[in-house]
Amino acid sequence: MKNEFVSRIHTTELETDLYQLLGKTSLEKHISDFNNVNWKSNYEKEFNSMDFNMPDLEVLSKNDSKYLSVSIAPNTDDTYQFIIGLGTHLETDNPNIPNRKVKLYMTESDNEEVPKKFIELFFKRDFAKINTELDQLYLMDEVEDVYINKK
């Protein structure tokens with residue numbers, strides 16, 4: 001059975017928790033989508049406005065009911081860091097309200113190679129390696145996650 005990956009993105013123009021569905025994806029497309037986000041300028045805009053409505057790019061492995069998210073947050077007084085989320089996405093009777101939980105990890109780095117490494121591991125479905133790498137990072141939070149797509 002071929003694994004199906006689906007991606008979506010939250011941009012700073014969207015209301016909090018609202019995502020644009022990007023549809024089926026591949027490693028190459030997801031990396032391209034990642035590269036198309038200007039993480040630094042989005043961070044500066046949101047930090048300066050004090051809105052903190054940061055961008056978030058997510059990929060769901062439908063066969064494994066797992067998802068990986070990449071977002072940003074403040075790091076030092078003048079830098080940002082990537083936040084890596086690894087979560088579960090379990091379908092319910094209502095496909096618009098799945099059961100989702102995610103652990104968010106601070107990378108303490110704005111180096112784009114860090115999230116790209118996790119994206120590549122995710123597409124390889126190497127969850128053991130992802131967990132080993134995440135264990136070396138600071139666990140920021142574990143939360144129930146909402147799932148709202150822009151219509």
Report summary line: When (1) within 17 Å of residue 54 (Cα to Cα); (2) open to solvent by 20 Å² or more (accessible area, probe 1.4 Å) are applied to residue 39, the one that fails is (2)
Report summary line: Checked pairs for segment 100-113, first crowded, with 16+ Cβ neighbours inside 10 Å, second charged (D, E, K, R), C-beta under 7 Å and 6 or more apart or across chains, list as 100/144; 100/145; 102/145; 103/142; 104/141
Query raised in the report: Has segment 59-71 got at least one residue that is among the small types (Gly, Ala, Ser), over 19 Å from residue 143 (Cβ atoms) and loosely packed, with under 14 Cβ neighbours inside 10 Å?
Result: no
Report task. Could you run through segment 114-144 and say how many residues are part of a loop (DSSP other than H, G, I, E, B) and either open to solvent by 50 Å² or more (accessible area, probe 1.4 Å) or closer than 14 Å to residue 57 by Cα (or both)? Result -> 5
Report task. Scan 58, 108 and give me the residue that is on the phi > 0 side of the Ramachandran plot and in contact with a strand residue (DSSP E or B) (Cβ under 6 Å, 6 or more places away or on another chain). Result -> 108
Query raised in the report: With respect to residue 134, is the statement that it is at pLDDT 95 or above and under 23 Å from residue 2 (Cβ atoms) true?
Result: no
**Report entry** Given (1) closer than 22 Å to residue 112 by Cα; (2) open to solvent by 20 Å² or more (accessible area, probe 1.4 Å); (3) not acidic (Asp, Glu), index of the condition residue 50 fails
**Finding:** (1)
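The values are calculated or read from the model by the stated rules, or taken from the named source; none is laboratory data. Being a predicted model, the structure only gives us computed values, none of them experimental. Cβ atoms come from the backbone with ideal geometry, glycine included; neighbour counts cover every protein chain shown. To get the accessible areas, we keep the full protein, side chains included, count just its heavy atoms, and leave off ligands, DNA and RNA. Shrake-Rupley method; radii C 1.70, N 1.55, O 1.52, S 1.80 Å.
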